[in-house]
Amino acid sequence: MMLEREEQQRLEELAKEIRIATLEEFGHLGFGHIGGAMSIVELLAVLYGKVMRYKPEEPRWDGRDWLVLSKGHAGPALYATLALKGFFPYDMLKTLNQGGTNLPSHADRNKTPGVDMTTGSLGQGMSTGLGVALGLKMDGKDNYVYLVLGDGECQEGQIWEGALYGGNAKLDNLIVFVDYNKQQLDGYVDNINPLGDLRAKWETFGWFAQEVDGHDVAQIYEAIRRAQEVEGKSSVIILHTIKGKGCTFAEGVEFNHHMRFTKEQIEQAIAALKGAEGNAV
Amino acid sequence: MRFSIDEVAMKDAYIDALMELAEENPQIVVLDADLMNSNSTIKFLKRFPERAINVGVQEANMLGMAAGLAAVGKIPFTHTFACFNARRALDQIYMSVAYAQLPVKIVGTDPGVTAAFNGGTHMPLEDVGFLRGIPTMTVIEPVDNVMMRAILPQVAAMDTPVYLRVNRKQPVKIYAPGTEFTIGKGKVLRDGDDLTIVATGILVPEALEAAEALAEEGIGARVINMFTIKPIDAELLIKAAQETGAVVTAENHNVINGLGSAVAEVLSQHHPVPMERVGVQDLFGEVGSVEYLQQRFGLTSEAIVEKAKAVLGRKNS
């Protein structure tokens, strides 16, 4: 269950590639939801680099594991990952948010090869993910559903409707991630509507809950394997992350949910990543 | 005119028809939000326990889960009162269902004044307006059990979302057993050349009574049951407007954004004729019996007759 050193380095390298690809994608545009895209990069690297079953040439293969990116505004990070994994040409990333594109700001199952669910209105991926997991169970299938929530998103009532249902439904083919980057559009979560003891809340709702460093690929991987070994419980993994992580002009900045940036800023951020070794970004 | 009341409540005719379909199609699943006894979906739960989900009092979650189930090939039918299934879960219907192209079938019960003793809080007089404003959505208001049984297989087979607006109670019998219906095609119930009454739901028997009363005064009213409100049967409407030159609509809904609006949209563009709308005149619902509320809001054959004469006056002036 431990991640070998070489595997860890490979996934860290993939995370760096996803960050660079995401920055290039945003760079063509000059603005975007950069903070919440950067904070889920290690998760995407572990899922698409190691854990998930998928076929880039057959995006709707029925043996695939599902990713429901409920925080749909982080779509650009997912698109970068899918492009790197061969779901569509890398060049397509240049079309982000351009008229007629297949890469819209928020994830859309009908536009982008490899995007499994349409999200954007926060809270809704919680329920659609539950429905997918339940439907797969009904059919006796062993596909996993990986469902990614934002922390600000956890202020939505629908999340807790789903948490109650999902805890009771004991869907052990479902693993929920909360990207707990501590920031939402208007500032710090703790200054707006704090989530309190998030792990305890999920546990009270009947979930197998873990908390890990969301920028440590080994910790993420090992938490997923532990979750998969648990039978008869839905699982949640709270990822402690930093909004804007690994992006020189976004990390640690207060209002980094949606930013405007220059080509020079993007180039500097990419250069910093290329100069950095492994996870030490 | 006296209509006979069906001995079978429409909710039972509905669920029996759905169970018949589910016998042949293992993908049909039922979701309800703690109204299984009210909606008769409890019968489905007993017969197909592995395919019936009571989510509890969670309408938003129910619609989202239904979308997820549709994404893996299920044919989900969601059930609760129309005020919750349409109004409360509207954003989920918009994004998770329709925008995502996931063909969930939404069954809203107790539309308009049929919410009766639950009162104004529970009285959806705007649901048709909300739902018909969503691209790809089909909006259907079945009028009796014969129609319900006939259209349900078509609804289940559609690869787009459908909103079924269902009066749970015992309906009047309008159609003879074996009558065929096509979604999107209105049904002419009575011929006439002086004006056309276009009606849905519980206003259909009122429209037929009004036509009878008008006939006694020598006025020939054509009656169309426009049970598919979206997509509306524009061809039938234009023909009726051309041939009769005057139209009255009648619906158990706000006159804003309902059937009357839909008919006006077609006719004002293609063949404008004098038109009047019977329906709730932009008011909130109230508590009371269906009979009381029909009187209170003017959802009666008398109101239709009055509007018919008004529209004929305009036509002939």
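The values are calculated or read from the model by the stated rules, or taken from the named source; none is laboratory data. On a predicted model such as this, the values are computed, not experimentally measured, just so you know. FYI the Cβ positions are ideal-geometry reconstructions off the backbone, even for glycines, and counts take in every protein chain you see.
Just to be sure, is A:Leu136 part of a strand (DSSP E or B), hydrophobic (A, V, I, L, M, F, W, C), closer than 24 Å to A:Arg226 by Cβ and at pLDDT 95 or above?
So A:Leu136 does not fit the description; no.
Given the options A:Lys201, A:Lys233, A:Lys243, name the one that is under 22 Å from A:Ser70 (Cα atoms) and in contact with a Ser or Thr (Cβ under 8 Å, 6 or more places away or on another chain).
Exactly one of A:Lys201, A:Lys233, A:Lys243 is under 22 Å from A:Ser70 (Cα atoms) and in contact with a Ser or Thr (Cβ under 8 Å, 6 or more places away or on another chain), namely A:Lys243.
Taking the stated definitions as given, is A:Ser70 at negative phi, within 14 Å of another protein chain (Cβ to nearest Cβ) and surrounded by fewer than 24 Cβ atoms within 10 Å (Cβ to Cβ)?
Considered against the rule, which asks whether it is at negative phi, within 14 Å of another protein chain (Cβ to nearest Cβ) and surrounded by fewer than 24 Cβ atoms within 10 Å (Cβ to Cβ), A:Ser70 comes out as no.
Working carefully through the options A:Asn173, A:Asn181, A:Asn168, find the one that is under 17 Å from the mean Cα position of the chain (by Cα) and more than 17 Å from A:Val46 (Cα to Cα).
A:Asn181
Kindly establish whether B:Ile53 is facing chain A (nearest Cβ under 8 Å) and among the β-branched types (Val, Ile, Thr).
It is true that B:Ile53 is facing chain A (nearest Cβ under 8 Å) and among the β-branched types (Val, Ile, Thr).
Which residues, taken from the stretch A:96-113, are touching a residue at least 40 places away in the same chain (Cβ under 8 Å) and either within 14 Å of chain B (Cβ to nearest Cβ) or hydroxyl-bearing (Ser, Thr, Tyr) (or both)?
Answer for the stretch A:96-113, where residues must be touching a residue at least 40 places away in the same chain (Cβ under 8 Å) and either within 14 Å of chain B (Cβ to nearest Cβ) or hydroxyl-bearing (Ser, Thr, Tyr) (or both): just A:Ser105.
Step by step: first the residues of the stretch B:250-271, then only those that are without any contact (Cβ under 8 Å) to a residue 60 or more places away in the chain and part of a helix (DSSP H, G or I), then the one that is nearest to the chain's Cα centre (by Cα). Which residue is that?
So the residue we want is B:Gly260.
Just checking, does the stretch A:24-31 include any residue being outside any loop (DSSP other than H, G, I, E, B) and buried (at least 24 other Cβ atoms within 10 Å of the Cβ)?
yes
If you go through the stretch A:155-191, how many residues are polar (S, T, N, Q), assigned to a helix (DSSP H, G or I) and either more than 10 Å from chain B (Cβ to nearest Cβ) or under 22 Å from A:Ser121 (Cβ atoms) (or both)?
3
Tell me yes or no: at least one residue of the stretch B:107-119 is in a helix (DSSP H, G or I) and more than 25 Å from B:Leu35 (Cα to Cα).
no
Kindly indicate whether A:Asn102 is on the phi > 0 side of the Ramachandran plot and among the polar types (S, T, N, Q).
In short, no.
Report yes if B:Gly129 is over 30 Å from A:Asp65 (Cβ atoms), out of contact with any helix residue (DSSP H, G or I) (no Cβ under 9 Å at 6 or more places or on another chain) and either surrounded by fewer than 24 Cβ atoms within 10 Å (Cβ to Cβ) or among the small types (Gly, Ala, Ser) (or both), otherwise no.
In short, no.
Which of (1) closer than 30 Å to B:Gly119 by Cα; (2) crowded, with 20+ Cβ neighbours inside 10 Å does B:Glu286 not meet, given it meets every other one?
Here B:Glu286 clears every test but (2).
Could you check the stretch A:199-233 and list, in sequence order, the residues that are aliphatic (A, V, I, L, M) and surrounded by 13 or more Cβ atoms within 10 Å (Cβ to Cβ)?
A:Ala209, A:Val212, A:Val217, A:Ala218, A:Ile220, A:Ala223, A:Ile224, A:Ala227, A:Val230
Might you check whether a residue that is within 15 Å of the chain's Cα centre (by Cα) and among the small types (Gly, Ala, Ser) occurs anywhere in the stretch B:158-177?
No, because not a single residue in the stretch B:158-177 is within 15 Å of the chain's Cα centre (by Cα) and among the small types (Gly, Ala, Ser).
Tell me, which helices (runs of 4 or more DSSP H) lie completely within the stretch B:1-85 with 2 or more residues that are surrounded by fewer than 24 Cβ atoms within 10 Å (Cβ to Cβ) and out of contact with any strand residue (DSSP E or B) (no Cβ under 9 Å at 6 or more places or on another chain)?
Output list reads B:10-24, B:41-47.
Identify, please: which residue in the stretch B:86-122 is over 24 Å from B:Asn25 (Cβ atoms) and within 13 Å of chain A (Cβ to nearest Cβ) and is, among those, surrounded by the fewest Cβ atoms within 10 Å (Cβ to Cβ)?
B:Asp91
Take the residues in the stretch A:118-144 that are charged (D, E, K, R) and more than 8 Å from every other protein chain (Cβ to nearest Cβ), then tell me which one is farthest from A:Gly63 (Cα to Cα).
A:Lys137
For the stretch A:160-198, how many residues are surrounded by 17 or more Cβ atoms within 10 Å (Cβ to Cβ) and more than 20 Å from A:Gly36 (Cβ to Cβ)?
Number satisfying all stated conditions: 12.
Yes or no: the stretch A:185-192 includes at least one residue that is aliphatic (A, V, I, L, M), in contact (Cβ under 8 Å) with a residue 60 or more places away in the chain, touching a His at 6+ places or on another chain (Cβ under 8 Å) and closer than 23 Å to A:Pro76 by Cα.
yes
Quick check: is even one residue across the stretch A:2-20 closer than 14 Å to A:Thr112 by Cβ, crowded, with 23+ Cβ neighbours inside 10 Å and either among the hydroxyl-bearing types (Ser, Thr, Tyr) or touching a residue at least 40 places away in the same chain (Cβ under 8 Å) (or both)?
For the stretch A:2-20, residues closer than 14 Å to A:Thr112 by Cβ, crowded, with 23+ Cβ neighbours inside 10 Å and either among the hydroxyl-bearing types (Ser, Thr, Tyr) or touching a residue at least 40 places away in the same chain (Cβ under 8 Å) (or both): absent.
Each row is one residue, and each column tells you yes or no for (1) part of a helix (DSSP H, G or I); (2) within 19 Å of A:His33 (Cβ to Cβ); (3) in contact with a Leu (Cβ under 6 Å, 6 or more places away or on another chain); (4) of a type in the set (S, T, N, Q).
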| residue | (1), (2), (3), (4) |
| --- | --- |
| A:Asp62 | no, no, no, no |
| A:Ala83 | yes, yes, yes, no |
| A:Arg109 | no, yes, no, no |
| A:Pro113 | no, no, no, no |
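Which of the residues that make up the stretch A:139-154 are outside any helix (DSSP H, G or I) and of a type outside the set (D, E, K, R)?
A:Gly140, A:Asn143, A:Tyr144, A:Val145, A:Tyr146, A:Leu147, A:Val148, A:Leu149, A:Gly150 - these are the residues of the stretch A:139-154 that are outside any helix (DSSP H, G or I) and of a type outside the set (D, E, K, R).
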